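Asks: Got a structure for you, written out below as structure tokens; questions coming shortly.
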Amino acid sequence: MKAIKTILKDCYILEPTVFGDSRGYFFESYKKSEFDYLINQKVDFIQDNQAFSKKGALRGLHFQVGEFSQAKLVRVTQGVVMDVAVDLRPNSESFLQHITIELSEENKKQLFVPRGFAHGYIVLSDTAVFNYKCDNVYNKASENGVIYNDSDLNIDWNLNAEQFIISEKDKVLPTIKQLFK
């Protein structure tokens with residue numbers, strides 16, 4: 001596996017070494033000792049989650065605060081999504097910057113999203129299966145987010161807004177200015 005630094009401090013793209021032959025392919029999607037070494041920190045994932053979504057489903061931008069803050073290791077096992085990570089750590093050199101990356105069953109890339117980041121994605125294929133590991137449990141009282149169309153972030157979601165399928169909860173998330181006033 002190879003770790004690629006992004007413009008966001010502590011956020012990495014992970015590319016597996018894929019072994020293929022006439023039968024198909026094999027790769028290690030996660031090995032704790034190698035993962036910790038590659039990102040130069042110790043992360044203890046305690047939960048795996050999976051989401052199935054239709055084209056245009058936009059989930060995010062979500063994060064948890066306080067003692068329930070979460071780091072995530074995300075990947076797509078079916079379909080294609082555009083994944084987004086936003087650094088919300090005020091003392092970070094990449095504060096309020098974001099990256100987008102296409103994750104797919106084809107490219108098998110993963111994204112490590114550290115604690116203190118907002119995260120979201122949109123499905124670009126007809127359907128997608130999105131998998132992610134978390135280093136902390138979900139806590140409803142600690143959940144928060146940033147509105148997907150925040151003008152200060154100016155995220156290009158790669159689809160027309162008419163195609164978006166967004167939960168009512170995600171439509172009313174605060175802006176960056178509201179979060180950091």
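The values are calculated or read from the model by the stated rules, or taken from the named source; none is laboratory data. A quick note: this is a predicted structure, and the numbers were derived from the prediction, not measured. FYI the Cβ positions are ideal-geometry reconstructions off the backbone, even for glycines, and counts take in every protein chain you see.
Asks: Does Lys181 count as part of a helix (DSSP H, G or I), over 30 Å from Phe19 (Cβ atoms) and free of Cβ contacts under 8 Å to residues at least 40 places away in the same chain?
Replies: Judged against the criteria, Lys181 is not a match.
Asks: Do we find a residue being among the acidic types (Asp, Glu) and either within 15 Å of the chain's Cα centre (by Cα) or part of a strand (DSSP E or B) (or both) anywhere in the range 76-99?
Replies: Yes, that holds for at least one residue.
Asks: Taking the range 1-40 on its own, how many of its residues are surrounded by 13 or more Cβ atoms within 10 Å (Cβ to Cβ), part of a loop (DSSP other than H, G, I, E, B) and of a type outside the set (Gly, Ala, Ser)?
Replies: 8
Asks: Kindly evaluate Lys72 against the criterion of being in contact with a strand residue (DSSP E or B) (Cβ under 6 Å, 6 or more places away or on another chain), closer than 18 Å to Ser29 by Cα, crowded, with 17+ Cβ neighbours inside 10 Å and among the basic types (Lys, Arg).
Replies: yes
Table: residues versus (1) modelled with pLDDT of 95 or more; (2) under 14 Å from Leu96 (Cα atoms); (3) surrounded by fewer than 15 Cβ atoms within 10 Å (Cβ to Cβ).
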position: Gly116; (1), (2), (3): yes, yes, no
position: Gly120; (1), (2), (3): yes, no, no
position: Leu124; (1), (2), (3): yes, no, no
position: Thr127; (1), (2), (3): yes, no, yes
position: Cys134; (1), (2), (3): yes, no, no
position: Gly145; (1), (2), (3): yes, yes, no
position: Ser167; (1), (2), (3): yes, no, yes
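Asks: Could you tell me whether the range 42-49 includes any residue that is more than 16 Å from Cys134 (Cα to Cα) and in contact with a helix residue (DSSP H, G or I) (Cβ under 9 Å, 6 or more places away or on another chain)?
Replies: Among the residues of the range 42-49, not one is more than 16 Å from Cys134 (Cα to Cα) and in contact with a helix residue (DSSP H, G or I) (Cβ under 9 Å, 6 or more places away or on another chain), which makes the answer no.
Asks: Among the residues of the range 103-112, is any at pLDDT 95 or above, surrounded by fewer than 20 Cβ atoms within 10 Å (Cβ to Cβ), on the phi > 0 side of the Ramachandran plot and not in a strand (DSSP E or B)?
Replies: Yes, that holds for at least one residue.
Asks: For Phe63, state whether it is more than 13 Å from the chain's Cα centre (by Cα), surrounded by 12 or more Cβ atoms within 10 Å (Cβ to Cβ), closer than 22 Å to Val137 by Cβ and touching a residue at least 40 places away in the same chain (Cβ under 8 Å).
Replies: no
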